[in-house]
Protein chains: 4
Amino acid sequence: MLSFVNDYCEGAHQEILEKLTEINFEKQAGYMGSRYCESAAEKIRAAISCPNAEVFFLTGGTQTNQLAIDTLLKPYEGVVATRTGHVEAHESGAIEFTGHKVLTIPSHNGKMDAGELHEYVKKYYGDESWDHIVTPGMVYISQPTELGTLYTREELAAIRKVCDEYRMPLYMDGARLAEALAADETLTLSDYALLTDAFYIGGTKCGALFGEALVFTKGNMPERFLSRVKQHGALLAKGWIVAVQYDVMFTDDLYIRGGRNAVEKAAVIKKALKEKGYEFYVDSPTNQIFVVMDKSRAEALSEKVNYTLWEDIGDSRVVIRFVTSWATGEADVKALTEVL
Amino acid sequence: MLSFVNDYCEGAHQEILEKLTEINFEKQAGYMGSRYCESAAEKIRAAISCPNAEVFFLTGGTQTNQLAIDTLLKPYEGVVATRTGHVEAHESGAIEFTGHKVLTIPSHNGKMDAGELHEYVKKYYGDESWDHIVTPGMVYISQPTELGTLYTREELAAIRKVCDEYRMPLYMDGARLAEALAADETLTLSDYALLTDAFYIGGTKCGALFGEALVFTKGNMPERFLSRVKQHGALLAKGWIVAVQYDVMFTDDLYIRGGRNAVEKAAVIKKALKEKGYEFYVDSPTNQIFVVMDKSRAEALSEKVNYTLWEDIGDSRVVIRFVTSWATGEADVKALTEVL
Amino acid sequence: MLSFVNDYCEGAHQEILEKLTEINFEKQAGYMGSRYCESAAEKIRAAISCPNAEVFFLTGGTQTNQLAIDTLLKPYEGVVATRTGHVEAHESGAIEFTGHKVLTIPSHNGKMDAGELHEYVKKYYGDESWDHIVTPGMVYISQPTELGTLYTREELAAIRKVCDEYRMPLYMDGARLAEALAADETLTLSDYALLTDAFYIGGTKCGALFGEALVFTKGNMPERFLSRVKQHGALLAKGWIVAVQYDVMFTDDLYIRGGRNAVEKAAVIKKALKEKGYEFYVDSPTNQIFVVMDKSRAEALSEKVNYTLWEDIGDSRVVIRFVTSWATGEADVKALTEVL
Amino acid sequence: MLSFVNDYCEGAHQEILEKLTEINFEKQAGYMGSRYCESAAEKIRAAISCPNAEVFFLTGGTQTNQLAIDTLLKPYEGVVATRTGHVEAHESGAIEFTGHKVLTIPSHNGKMDAGELHEYVKKYYGDESWDHIVTPGMVYISQPTELGTLYTREELAAIRKVCDEYRMPLYMDGARLAEALAADETLTLSDYALLTDAFYIGGTKCGALFGEALVFTKGNMPERFLSRVKQHGALLAKGWIVAVQYDVMFTDDLYIRGGRNAVEKAAVIKKALKEKGYEFYVDSPTNQIFVVMDKSRAEALSEKVNYTLWEDIGDSRVVIRFVTSWATGEADVKALTEVL
C-alpha cells in the first residue's frame, strides 16, 4: 500500500540516528543545559542571521504554539488567526485551555489578508465597548499555511506593518518551514527572523524524530521561560535529545535539503495530476497537494494509496490530500503517478 | 439630559427596597441557606411550572454565563453561539478564561439558525480529525437576543431538536427575559423551562438592584454547584440579598410588569421614529431600538439624549441604540419623541 | 433563638438603604462610570490619606482575593499565605482556579511570622532547582486574621521589610477591617495604606448589603483592570450599587462606628465568658470569640444559640465560635451572657 | 570529571537506537495509531497482568502527572500528596496551572502515612464548611519516592484502603519504577497494577531517550483522553517513537535489567560510603544516595565529581545526592569510591 497520508510517518534523517548513537553515553546536562543545546542554538542563530536570537527546544507543534501564544500574550489578550489556522481549527482548544481567545478573520487559501487584519484591529480600538472585548494581542500565521500555500515577502511585510502599528507581536508557525524554504528561495530563514517576533522551525514534520525549535528574534523571550515551559508540562529532562537533532539538521543544510526533497517529489506528482486533468482545490507550491474528485473515484483510489480525506464538499465530491516528505522516495512517486 | 443608554442605570423596583428595609435585621442563614432563597426558588418553580427546577442566585450576567457554561461543559467541549452572542462578543473572554472555546456560527439579526447549527455539529462528527477539534458540547442562545429580536416557538423547537439529536444541553441567556415575556406572550416562562436545559432569569436589567436567577430545569444542576460557584469567586455570603429581590419580583407578576413597561415605552418610541421616517437597523420587538442615521445627525442628537453608539457602518452613517427599562417614565418618552 | 453565628446575617446600615431609596431613579452610568464610584473612591482616598490610590468596587471577599492575587502575580508566581489564611483554607480552590499556587507557611494564631516568611523566600532563591519551583510572588495576610487576631504595627513593618527585600507586593484581606480599626486605634486606615501595596476594605461583613472596595495604594493597579474583572465574571453592570454604600459608610465614620459596635459587644461577651471561667482557644481582640468546651456542653448550648462549630480538637472537646457584628444589639448580648 | 548528578544524562539502551534505526522508513500511523503503540501496550498489559489496562504514551514526568491528575479529578477536587511529592515541590505549579490544588500531608522520608491520609480526609468530610474547602479527590504517591525510599506492600495496601473508603483514585508516579522493581522484587508490576488506579512506567530516567507510559488499570481512562492530551499540548504526532522504545524495553526484561544495574551500582557506592563512615540523610534502597557532609568537604569533592547539592541543613553541613542509572559503568563506580 502506497502512503502519502502525512509527513510525520517516517523516523528521522539517518544522520540524526547516527549522531544519537555516537554520543549515546556522553553525559549531558539536564533540561536546556547541554552543550548541544548551545551548539544547536548557535547554528540556528547563524542560519537566521540573528546573533541575539533566543532558542528553546520543545516537543511538538501544538505545544509550541500554546507556549508561545500563552507567554507572549497578556492575560486579557487574544491571538488573531485565520479560520483555517491550526490554533483555531485543529488543536483541541489548546489555546483556550490556557485562557486565551483565538480571534478569527477570513482565510484566503489559508492566508491572512493584511487589509482585513488592519480592519479588524482598527475596529476593535474604535469600539465604544472595547474594554469588554478581547484585545487582539498578537498575530498568528503559518508558513507554509495549513493549505500548503505560501505568503510572499510583500504579504508578510504588509502584515508586519499592521503588527507594528498596533504593537502586536507577529508569530509564525513553521511546522513545515523546510518546505517553505525549499519552495520559495527568495524568502530565507533570515527574512523570517527579521519579519517575525517569534517563529518555530519545525522538526517533527521536517526530518527529526520529534521536536521543534522555538525562536524569539527580538530579545523578547518571555521572562522565566524555562519555568513556564515546565509549568505547561513541556520541559524535557533530556532537552539535548531535541537539540542534537537540530545540531545535525543545521549542519550542511540538511534541514533545507529535506524540504527540497518533499517539494520536488510533490512537484512531480502535481505535474502528473495536471496532465491527467485532475482538478486542484488550491494551488499549493509546497508538499501538500489538494485534489478535488468524485467520492467514488476517491474510494477506489483508497484501496491503493493512503491519503487524507480533507473535506466533503457536497455533490458527491471530496477533497483529498497527498503529502510528501523529506523521506519520500522516487519509487513511491512513480508508483503513485501510475495509480492516478 | 435625556437618557436611553441602557436598562441598568436605575436602582430597583420600589417594592424591593421596601422589602429589604423591612427585613433588614432578620437574621438570615449564609450563602444559599436563607429561607428567602427557598421561598424565591419556590416561586420561580411555580412560575415556570417546573417543580423540580434547581435555582441558584448569582450576581451578574457574565458571571452566570461563565458558570453555567463552565459547569455544564466537559473540559474538552466548547459552546456553540452566534457571532453576535454576548459570550462571544462582549464578555472580555470570560468563557475562554475557564478553558472553553466559543464555537461560532452566523447570526441572523442576533438569532441562530437551527439548520446552520445542525450543519455545524454534523460536520464536526463527520470530520476525520474530530478528536483534534473542540467538541460542540452545548448551545448558547439569548432571548431576547443582543439585537432585541426574539426567537419564535418554532425556531426554539428546531434548535431544541438539534440539541436532542446530539445530546447538547440548550442554555438560554435571559438577561432581559422580562421584556421577552412581555413582548411575546405566546411564549411563557413555562415554555422556556421546557425548551431549555438551563436558563437564567435576568434581574440586573429587569428591575433588581443586581442579581440573576440561574435555573436548571432537568435535574441537571452540576454536582457540587455551590463549591464551583465559590471556586469561581461568585458565591455571595448574603445570597439572600438576591433571593429576596426575586421573591418580590415573583410576587404579583412584578417581574413581567417591569418588562411590560419597557416594551410599551419602546413601542411608543418606535412608532414615533417610524412616523418620522427613521430607518431601523433591525426590527426589534423588545426594549432595544436600533436606528441608522447620518453621523452628523447622531452627533447633534447626542447633545440632548444619551444613547449607545452601536456601530459605524461606513458612508458617514452609524447605528445608534435607544433602550427603555422597567423604570422608563412617560415624560421621558414624550421628551424623546419631541427631540427626534 | 439567639444567633452569633457570623457577621453577614443582617442587611445593611439603615443609612445605606435610605440612600439607595433616595437615589433610586437617578440615572447612573454603567460599570465603574457613575459619579458615586468617583465620590466613594474620593472619600476612601481621603480616609486612607493616599491621594493617588486606585479603588475598584467588587462583590465579595473570595472574588476580591482571587482578582487581586491573579492580577498582581505573574503567571509563574504563587502567593505566600499562612495555613489558616482564607485563600488557602476556605475558598474552594479559587486561587488555584486561576492557575496560581498558594505557598504556605505556619500560622501563629492566624498570623504570619516575618522571620519565617524571610526564611521561606530566602530558601527559595537559594535552591539550585529554584526554576522548577513556584516563585513566591506576593504575600497575603488578613487583618483581622481568620482567628480574629491582629497584627501589630511592628509585625506588619517586619513583613513589609521582607516584601521590600524580595520585591513582593503585600496584599491585605480586610474582610473585617472595620473591626481591626475599632479594636486597635493605633493602626489607622492610613497606616494600612502605607504598609501594603493593595488591600480591601470589607463591606459584606461590615455593614453593607454586599461589596468590597479593593484599593491599590502604590499606583500599581494592574493594567486593563476593568477588563480583567469582566474576564473573571466579576464586573457589576451597576457598579454604583456598591459605590453608593461606601459613599455612605465613609461619611461621618459610619464604617468604623459599625466596627466599634461589633468589638464592644464582643468585649462584653468575652468578659462574661472569662468571669464564668470559660477557656479561650485564642485571645482575639476583635469580633470573633473562640471558646473551647466539652462537646456535650456545646450541644446543650446549641439549643439556645446559633454559633459556628469551629473544630473538633479531640478528647470530646470542641472549639466553637461566637461572632458579633455592626448590627448586634444589647439585648442579644445580654441574653447570651445569661445563657452561658 | 565523574558524574553522578542524575539518571537522565545518558541516551538510551543500545537496543532502542538499533530498533529506531531498523524501522526508520517503515511508515507509521500518526498519534497513537501505529502498530507499535498497540504492540508496546500489549507487552505492558502482559507484564502487569492486567489484560484490560489502557496505555497512553507521553513525553515527560511532569506532563504525565499533570495529565493524569487533571483528567482523573473533577474540576472542584484537589490531589493529596506529601510535602516532598514531586507535584507539590518541583513542577513549577503545573498542577495548579490546570486549576487544581495540591493538598499536602507530611512526608516521612518521602513517604505518605496511611493513617495521616485517613485523618486528613476524615477531617475534610467532618468539617461544617466542607463545601468551601477543596475536596480530596485522588491520592498521589511516587515509587520510589523523591528520596529514593520505597513503600512496602503493607504500606501501599493501607493507602489503598483509605482510597477505597473515600472513593479516591490512587495514582503512582513511577518515574524511576525500574529501580523500585529491581530493589524490591517482592513488589512486581502486577502488584502495582492491582494496587493503583493509574500509574506511569517511567522511561526518561529508566533507559529511554524520553517518554513515559501512562497506564489506567481499572477501565478508568478518562473519556476522550486523546483529545485532552492534545488540549494539554502533549500529543506527539509520532507517538510511535515512544511506543517503540517501550516495545524494546518490555522485551526480555530490558526495562528491569536497566533498573537492576542502577540499583546494584548504587549498592556498591553505599557500601563504600558506609565503610568510610559517611553519614546518610535517608536510607534509600534504590539508585539515589543522600549523604550528609561538611560544606568544605562537599566543595572539595565537587572538583572531582558532579553531584546534586540537595539541601543546606545549617551548621555548615549540606546534603548531597549521587545518582546511578541504567547506564552507570563499573569503572565510574570504582573511580567514585576511590575519590570518596
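Just counting partner chain Cβ atoms within 10 Å, what average do the residues of peptide C:324-330 show around their Cβ?
1
Got a sec? Which residues of region C:119-133 lose 20 Å² or more of accessible surface with every protein chain in place, vs. that chain alone, 1.4 Å probe?
The answer is C:Lys123, C:Glu128, C:Trp130, C:Asp131, C:His132, C:Ile133 - residues whose exposure falls by at least 20 Å² when every protein chain is included.
For chain D, what is the charge dipole size about the Cα centre, in debye to the nearest 20, if Lys and Arg each add +1 at the Cβ and Asp and Glu each add -1 at the Cβ?
Roughly 380 debye for chain D.
Could you tell me which residue out of B:Thr98, B:Gln63, B:Tyr125 lies farthest along the dipole of region B:17-130 toward its positive end? Charges go on the beta carbon: Lys and Arg +1, Asp and Glu -1, centred on the Cα centre.
Farthest along the dipole direction, towards plus: B:Gln63.
May I ask for the percentage of alpha-carbon pairs in region B:101-153 that lie more than 18 Å from each other?
38
Could you work out the mean count of beta carbons from other protein chains within 10 Å of each residue's beta carbon in B:8-21?
5
Which percent of Cα pairs goes in each bin when the distances of region B:64-175 are cut into 10 angstrom slices starting at zero?
The calculated distribution, bin by bin, is 15, 51, 31, 3.
Extent of the protein assembly as shown along each principal axis, from alpha carbon coordinates, in Å, largest to smallest?
Sorted from largest, the Cα extents of the protein assembly as shown read 85, 83, 53 Å.
Have a look at the DSSP beta bridges in the protein assembly as shown and tell me what percent are antiparallel, nearest 5.
Approximately 60 percent, going by the DSSP bridge assignments.
Counting other Cβ atoms within 10 Å, keep those with at most 12, restrict to DSSP loop, and tell me which trypsin sites (Lys or Arg not before Pro) in region C:142-245 are left.
C:Arg167
Can you list the trypsin sites (Lys or Arg not before Pro) in region A:261-340 that are in a DSSP coil and have 10 or fewer other beta carbons within 10 angstrom?
Here the sparse-neighbourhood loop sites are A:Lys276.
Short version: what are the Cα gyration tensor semi-axes of region A:271-319, square root of 5 times each eigenvalue, largest first, in whole Å?
17, 13, 11
Can you give the calculated 222 nm mean residue ellipticity of the protein assembly as shown, where each DSSP H run of n ≥ 4 adds -39,500 (n - 2.57) and the sum is split over every residue, rounded to the nearest 500 deg cm²/dmol?
It comes out at -12000 deg cm²/dmol, rounded to the nearest 500.
For the A and D pair, go ahead and give the buried accessible area with a 1.4 Å probe, both sides summed, in Å² to 100.
Buried surface at the A/D interface: approximately 4100 Å².
Where nothing but the Cβ of Lys and Arg (+1) and of Asp and Glu (-1) is charged, how large is the charge dipole of the protein assembly as shown around its Cα centre, in debye to the nearest 20?
0
When averaged across all projection directions, what area in nm² does the alpha-carbon convex hull of region C:201-340 cover?
Its average projected convex-hull area is 11.6 nm².
Cross-link candidates for A:Lys43: which lysines have Cα within less than 21 Å, leaving aside residues fewer than 8 places away along the same chain?
A:Lys19, A:Lys205, A:Lys218, A:Lys238
Hey, any idea what Rg/Rh is for chain A, computing Rh the Kirkwood way over Cα pairs?
Rg/Rh for chain A comes to 0.98.
Which whole-angstrom value gives the distance between the alpha carbon centres of region A:202-247 and region D:297-340?
A separation of 30 Å, based on Cα centres.
Hey, what's region A:96-210 come to in accessible area per residue, 1.4 Å probe, Å²?
Result: 32 Å² per residue.
What does the average come to when, for each residue of peptide C:95-105, you count the partner chain Cβ atoms lying within 10 Å of its Cβ?
6
Whenever you get a sec, compute what percent of the accessible area on the protein assembly as shown sits on carbon and sulfur atoms (1.4 Å probe).
48
With a point put 7 Å past each Cα toward its Cβ, work out how far D:Arg167 is from A:Asp164 in nm, to one decimal.
So the label points at D:Arg167 and A:Asp164 sit 6.2 nm apart.
Nearest 5 is fine: what % of DSSP beta bridges in region A:1-147 come out antiparallel, could you say?
So the antiparallel bridges in region A:1-147 amount to around 10 percent.
Once both labels are modelled 7 Å past Cα along the beta-carbon direction, what's the B:Glu116-B:Ser190 spacing in nm?
3.3
What's the magnitude of the charge dipole for region A:13-80 around its Cα centre, counting Lys and Arg as +1 and Asp and Glu as -1 at the beta-carbon? Answer in Debye, nearest 20.
100
How far apart, in nanometres, would the label points at C:Asn220 and D:Val339 be if each is projected 7 angstrom from Cα along the Cα-to-Cβ direction?
With each label placed 7 Å out from Cα toward Cβ, I get 4.5 nm.
Which Cβ of chain D lies nearest the axis of the rotation superposing D onto C, and at what whole-Å distance?
D:Glu96, 2
Return the aspartates and glutamates within reach of D:Lys161: Cα separation strictly under 14 angstrom, same-chain partners fewer than 8 residues apart disregarded; answer none if there are no such residues.
D:Asp113, D:Glu116, D:Glu119, D:Asp197
Please give me, ordered by residue number, the chymotrypsin sites (Phe, Trp or Tyr not before Pro) of region D:170-214 that lie in loop per DSSP and have at most 15 other Cβ atoms within 10 Å.
none
Towards the positive end of the charge dipole of chain C, with charges on Cβ (+1 Lys, Arg; -1 Asp, Glu), say which of C:Val305, C:Ala262, C:Gln231 has the farthest Cα.
Of the candidates, C:Gln231 comes out farthest on the positive side.
Using a Gaussian network model of chain D whose springs link C-alpha atoms within less than 10 Å, name the residue from D:Thr152, D:Thr286, D:Thr328 with the highest mean-square fluctuation.
Taking springs between Cα atoms under 10 Å, the residue moving most is D:Thr152.
Using 1/(1 + (r/R0)^6) with R0 = 60 angstrom and r between the beta carbons of C:Glu128 and B:Glu38, what's the FRET efficiency to the nearest 0.05?
About 0.55, to the nearest 0.05.
Please return the longest stretch of chain B lacking exposed loop sites, where GluC sites (Glu not before Pro) count only if DSSP places them in a loop and at most 12 other Cβ atoms lie within 10 Å.
B:1-127
Return the subset of C:Lys111/C:Lys295; C:Lys270/C:Lys334; B:Lys101/D:Lys74 for which the Cα-Cα distance in this structure is over 24 Å, preserving the input order.
The answer is C:Lys111/C:Lys295.
Kindly give the distances from B:Arg35 to its copy-mates, label point to label point, with each label point 7 Å from Cα along Cα→Cβ, as nm values to one decimal ordered shortest first.
Its label point is 4.2, 7.5, 8.2 nm from the equivalent points in the other copies.
The values are calculated or read from the model by the stated rules, or taken from the named source; none is laboratory data. Computed from a predicted model, the values in this text were never measured in an experiment. All Cβ positions, glycine included, derive from the backbone under ideal geometry; neighbour counts span all protein chains shown. Quick note on the areas: whole protein, heavy atoms, side chains included, nothing else; ligands and nucleic acids left out. Shrake-Rupley method; radii C 1.70, N 1.55, O 1.52, S 1.80 Å.
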